[in-house]
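To start, the structure under review is shown below, and the notes come after it.
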Amino acid sequence: MLTVNENVYPNLNKIEAGGFIPIWVQQYEEVYDIIEMSLKEYLDKTYQFGLHEMGGEVLKDGTYRYPGDDDLPWILRMDTPDGTMYQYMYGIVAIPTEDGYFVTRMD
């Protein structure tokens with residue numbers, strides 16, 4: 001399920017805001033039962049530039065916090081078999097993992 005953070009971004013078009021990422025997440029969900037990889041591994045193979053960890057912290061409400069920067073509220077939230085994935089401004093994405101989140105840029 002794809003949710004737009006309408007409290008923060010009331011006029012956001014979720015199709016334009018998400019780009020290819022929600023499509024890739026949906027594709028992952030469709031093949032989840034037949035492939036043996038996590039969402040992070042799937043996106044790493046799908047995204048042509050690879051995934052590079054940025055660090056930072058994803059708070060319980062989905063807000064992204066990086067030392068020295070303003071907090072970023074999520075734009076899109078996607079419920080996946082691996083957990084909740086968040087998209088933020090600047091192409092930042094928080095991918096759920098077994099031990100928290102892997103934060104990267106996918107722009």
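Only the coordinates and a few stated rules stand behind these numbers; no lab work does. Predicted model, so just to flag it, every value in this text is computed and none were measured. Neighbour counts are summed over all protein chains in view; Cβ atoms, including those assigned to glycine, are modelled from backbone coordinates with ideal geometry.
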Value of [θ]222 nm, deg cm²/dmol, for the chain, DSSP H segments ≥ 4, -39500 (n - 2.57) each, nearest 500: -6000 deg cm²/dmol
Length released on extending from residue 79 to residue 17, taking residue separation times 0.36 nm less the Cα-Cα span: 20.7 nm
Paramagnetic reach from residue 97 (point 7 Å along Cα→Cβ, amide N under 15 Å) across the stretch 28-47: 38-45
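Quick one: length gained pulling residue 9 to residue 36 fully straight, 0.36 nm per residue minus the C-alpha distance?
Working: separation 27, 0.36 × 27 = 9.72 nm, distance 3.55 nm.
Once the chain is fully extended between residue 9 and residue 36, it gains 6.2 nm.
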Label-reachable residues, the stretch 48-72, where backbone N falls under 13 Å from a point 7 Å from residue 27's Cα toward its Cβ: 48-49
